[in-house]
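A.B. asks: Submitted below is the structure of interest, expressed as structure tokens.
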Amino acid sequence: MRHLPSRTTRRRVVGSLATALLCAAGLAAPASAAAAPAPPASSAATRDTAGSSSADPGVRLPDGLALTPPMGFNNWNSTHCRAEFDEAMVKGIADIFVEKGLKDAGYQYVNLDDCWALPARDANGKLVPDPKRFPNGIKAVADYVHAKGLKLGIYTSAGTKTCNPAGFPGALGHERSDAQQFAEWGVDYLKYDNCNNQGVDAKQRYITMRDALKAASESVGRPIVYSICEWGENKPWEWAADVGHLWRTTGDISDSWGSMVSIMKQNLPLAKYAGPGRWNDPDMLEVGNGGMSDTEYRTHFSMWSIMAAPLLIGSDLRKATPETYEILGNKEVIAVDQDPLGKQGEVLSTQNGRWVVAKEMKDGSRAVALFNETGTAQSIATTAKAVGLPAADGYTLRDLWQHKSYNTAGAISATVPAHGTVLLRVSADDKWAKNPPAVELGADGAALVEAGKRTTLTSKVTDLGRTAAKNVSVALTGPSGWRLKATSPTTAKSLRTGQSLTTSWSVTAPAGTAPGKYDLTLKSTYRSPQGARAESVLPLTADVVVAPPAGSSALGDLPWITATNGWGPVERNTSNGENVGGDGNPITIGGTVYAKGLGVHADSAVEYYTGGTCEKVTAQVGVDDEKLLKGTVVFEIWADGKKVASTGVLTNAMPAQELSADVTGARLVRLVVTDGGDGNDSDHADWGDATLSC
């Protein structure tokens, strides 16, 4: 089952705060305090319930399990509790693991999430599999999965009920019995959620199940990997290394760019707590579910791998595209995640949305992620020295998505497409000279195009290698009918280390071209000193835009260029809702309802083309009333990359605040909401009556 803490309490709640205990799948009404069970007995009851790991991130369970991050599948992201989640699906996923080579790539767990059981235990207090979903029981499914050389996982909650509103039985007070059932069924992995926990101390609840799993595993001789899913609320990375094998560090992920990036940012600072048998878990993969582009999904997979995160596929592989299989099956990227040294990548630099994250590998090489958070292509650079490699005459640079090797003199640099990641493996070795030199192919301009009007683009090919690039050429292609013309040389006989070929281009979209995003491609070809041919390709996006109308316009009615959001889509003229556009509520701040505006969830950014013709942005801003007493945010207005107005930290208890900014002459205006510095729990933010004057 998937759960996000109160940040996903989407619906406007009227009444007692006690009714606001929600899971991502819906409302799970807590039992009354009078009905809460006594704290379960545990062998840990007389010890420090934090365990022994809080002061020593090197401690782990002594069972030798999960020495690399678990890899597998979980159905929740693609099916939730729908009827398609059943025995046939689970067996089908196991078949696909084998047939499509995912088992050979390292995936081994086929995990059931919530809704596999009946809503009530039997007369003996035992869990009962839903006979419609699993007519042959869980053991039969486990036997089938095991026969494929794979393992089976299951789900329950450390409370009286699971997170689903239907109220399936949780394990609180039934830990020993449930753990024994799981072991006897042949379960190899337990995901233990946090709903309906009756206020019992989290450490105590999770330690109780740890001890129950240990006893059950020993009784049947089947070890069980233990996944702690308490959403990071009690900082499990500080205490759970000898309790579980992995622990969620965040709330639930959703299939959106904003959600994925927000979760990544929460998980990255926790690198020191990860290692063999003890993993930070930023939630399951959304790759292939359709809410992001393939470029964004490659970023998702790259960043989860460099963070040594568990890789649990969340898409229905029976419906997956070839591109999804290509991403999930990339063995070179998987090797970064599964490196036996067990290091989580650490952030070396981040500036204006340009990230460098590096991970030490057991063979002495470094995995390096150049991640572009922004909506336009960006040059991102570091060096071999900066990522921790020793001095050397030259280095081998392996592009893990292109599956190509180059030599570099020490520069590690690439122009990375919008929302993209270049994932590299860099090593100091004596074989670098056999590879062609690395080049960086970059571009500046032509991101915004008005139909029928000429704009310019500048390309640059730079030799990063220890050796020269010979016979260099560059070409620009785009949609049929577009006029793309070089206005300066496109070839160079030779480029030595650090030298560049710079070319200017005239770019014109035909008059009448509809607004939207259009693909351009830069391609450079060259030869190594040994004569081997090499190439570099840079995909670009041109936005065909329309200048806003004269006068005052409601921003909720105008087209934007890009919009990212911490949960679900940015909403027009309603508050932030769930994962489908248009499911928000009326925008309401301090009891005042605003008919127009934007509903967002921190962290968010909405960018508009203003074309140098506008003067002012105004809005009434604040946390939406639907968050009761929760939520802290900061609103910002940016013009051409410069912050021109911002609020202080705003809370739900504050009335709407007027925010305005002079944007005279700006081509781009961006409305930003940050989390106020305390995480994005409940950060539903409203731009009420947001207006652009031109």
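A.B. asks: Tell me, in nm to one decimal, what length is gained between residue 374 and residue 140 on full extension, where the rule is 0.36 nm per residue of separation less the Cα-Cα distance?
C.D. replies: Stretched out fully, the residue 374 to residue 140 stretch lengthens by 79.4 nm.
A.B. asks: Please list, ordered by chain and number, the residues whose modelled amide H lies under 5 Å from the amide H of residue 404; skip anything fewer than 5 residues away on the same chain.
C.D. replies: Those qualifying (amide H under 5 Å, at least 5 residues apart or on another chain) are 399.
A.B. asks: Separate question: With just the Cα atoms defining each centre, how far is the range 316-336 from the range 375-415? Give it in Å.
C.D. replies: Rounded to whole Å, the Cα centres lie 24 Å apart.
A.B. asks: Search the structure for amide H atoms under 5 Å from the amide H of residue 395, placed 1.01 Å from N in the peptide plane, and list their residues when 5 or more places away or on another chain.
C.D. replies: Amide H to amide H, under 5 Å and 5 or more residues apart or across chains, residue 395 pairs with 408, 410.
A.B. asks: For a protection proxy built on the mean count of beta-carbon atoms within 10 angstrom, sort 303-315, 593-605 highest first, please.
C.D. replies: With the highest mean Cβ count within 10 Å placed first, the list reads 303-315, 593-605.
A.B. asks: Separate question: What is the local net charge at residue 194, summed over the other residues whose Cβ is closer than 9 Å to its Cβ (Lys, Arg +1; Asp, Glu -1)?
C.D. replies: -1
A.B. asks: Can you find, among 284, 395, 189, the residue sitting farthest towards the positive end of the charge dipole of the chain, where Lys and Arg contribute +1 and Asp and Glu -1 at Cβ?
C.D. replies: So the residue furthest toward the plus end is 395.
A.B. asks: Residues with amide H under 5 Å of residue 283's amide H, sequence separation 5 or more or different chain, H placed in the peptide plane at 1.01 Å from N; which?
C.D. replies: Result for residue 283 returns 249.
A.B. asks: What percent do you get for the relative contact order of the range 552-693 when only Cα pairs under 8 Å and 6+ apart count?
C.D. replies: Relative contact order of the range 552-693: 32 percent.
A.B. asks: With contacts defined as alpha carbon pairs under 8 Å and 6 or more residues apart, what's the relative contact order of the chain in percent?
C.D. replies: Normalised by residue count, the contact order of the chain is 10 percent.
A.B. asks: Another question, if that's okay. Given a Förster distance of 41 Å, report the FRET efficiency between residue 578 and residue 393 from their Cβ-Cβ distance, rounded to the nearest 0.05.
C.D. replies: 0.15
A.B. asks: So what's the net charge close to residue 404: Lys and Arg +1, Asp and Glu -1, counting the other residues with Cβ under 10 Å from its Cβ?
C.D. replies: -1
A.B. asks: What's the center-to-center distance, using Cα atoms, between the range 669-694 and the range 175-226 in Å?
C.D. replies: 42
A.B. asks: With labels modelled as points extended 7 Å from the Cα through the Cβ direction, what inter-label distance (nm, one decimal) is found for residue 557 paired with residue 485?
C.D. replies: 4.0
A.B. asks: Another question, then. Relative contact order for the range 510-562: what percent, with Cα pairs under 8 Å and sequence separation of 6 or more?
C.D. replies: 35
A.B. asks: Taking θ = phi - 60°, what integer Hz values does the Karplus form 6.51 cos²θ - 1.76 cosθ + 1.60 yield along the range 104-117, in sequence order, with x for Gly and Pro?
C.D. replies: Result, rounded to whole Hz: 5, 7, x, 6, 9, 9, 10, 10, 8, 9, 4, 5, 7, 9.
A.B. asks: Same structure again: Can you tell me the orientation of helix 137-147 relative to the chain, as the angle in degrees between its alpha-carbon axis and the longest Cα principal axis, to the nearest 10?
C.D. replies: The answer is roughly 50 degrees.
A.B. asks: For the chain, take the longest principal axis of its alpha carbons; what is the angle in degrees between that and the long axis of helix 87-99, to the nearest 10 within 0 to 90?
C.D. replies: 50
A.B. asks: Can you tell me the dipole magnitude for the chain around its Cα centre, using point charges on the Cβ only (Lys, Arg +1; Asp, Glu -1), in Debye to the nearest 20?
C.D. replies: Rounded to the nearest 20 debye, it is 1740 debye.
A.B. asks: In nm, to one decimal, how far is the modelled label at residue 100 from the one at residue 532, with both set 7 Å along Cα→Cβ?
C.D. replies: Between residue 100 and residue 532, the simple spin-label model gives 3.2 nm.
A.B. asks: What shape does the range 89-212 have by the C-alpha gyration tensor, where a ≥ b ≥ c are the square roots of the eigenvalues, rounded means a/c under 1.5, and otherwise prolate means a/b greater than b/c and oblate the rest?
C.D. replies: prolate
A.B. asks: In the range 673-694, whose amide N lies under 12 Å from the spot 7 Å out along Cα-to-Cβ of residue 615? List them in ranges.
C.D. replies: Zone members listed by number: 693-694.
A.B. asks: Taking the highest mean first, how do the peptides 208-218, 527-537 order by number of other beta carbon atoms within 10 angstrom per residue?
C.D. replies: Going from most to least packed, we get 208-218, 527-537.
A.B. asks: How far, in nm, would the chain grow between residue 431 and residue 660 when pulled straight, counting 0.36 nm per residue and subtracting the alpha carbon separation?
C.D. replies: The span from residue 431 to residue 660 would gain 76.6 nm if fully extended.
A.B. asks: Another question, then. Using alpha carbons only, how many angstrom separate the centre of the range 94-172 from the centre of the range 524-586?
C.D. replies: For the range 94-172 versus the range 524-586, the Cα centre distance is 39 Å.
A.B. asks: Follow-up. Using the Karplus curve 6.51 cos²θ - 1.76 cosθ + 1.60 with θ = phi - 60°, work out ³J(HN,Hα) for each residue of the range 581-587 in order, rounded to whole Hz, and write x for Gly and Pro.
C.D. replies: x, x, 9, x, 10, x, 5
A.B. asks: If Lys and Arg each add +1 and Asp and Glu each add -1, what is the summed charge of the other residues whose beta carbon sits under 10 Å from the beta carbon of residue 530?
C.D. replies: Every neighbour counted, the sum reads +3.
A.B. asks: Indicate the gyration tensor shape class of the chain (rounded, prolate or oblate), computed on the Cα atoms with a ≥ b ≥ c the square roots of the eigenvalues: a/c under 1.5 is rounded; otherwise a/b larger than b/c is prolate and the rest oblate.
C.D. replies: Here the chain falls in the oblate category.
A.B. asks: Please say if the range 166-234 is rounded, prolate or oblate, where rounded means a/c under 1.5 for a ≥ b ≥ c the square roots of the C-alpha gyration tensor eigenvalues, and otherwise the choice is prolate for a/b larger than b/c and oblate otherwise?
C.D. replies: Note, shape of the range 166-234 comes out prolate.
A.B. asks: Once Rh for the range 552-693 is found with the Kirkwood sum over Cα pairs, what is the Stokes-Einstein diffusion coefficient at 37 °C and 0.692 mPa s, in µm²/s?
C.D. replies: Using the Kirkwood radius from Cα pairs, D works out to 228 µm²/s.
A.B. asks: Helix 294-306: angle to the longest alpha-carbon principal axis of the chain, degrees 0 to 90, nearest 10?
C.D. replies: 60
Read-outs throughout are calculated quantities, based only on the coordinates presented, and are distinct from any laboratory measurement. This is a predicted model, so every value here is computed, not measured. Because the Cβ atoms are built from the backbone with ideal geometry, glycine has one as well, and the counts that use them run over all protein chains shown.
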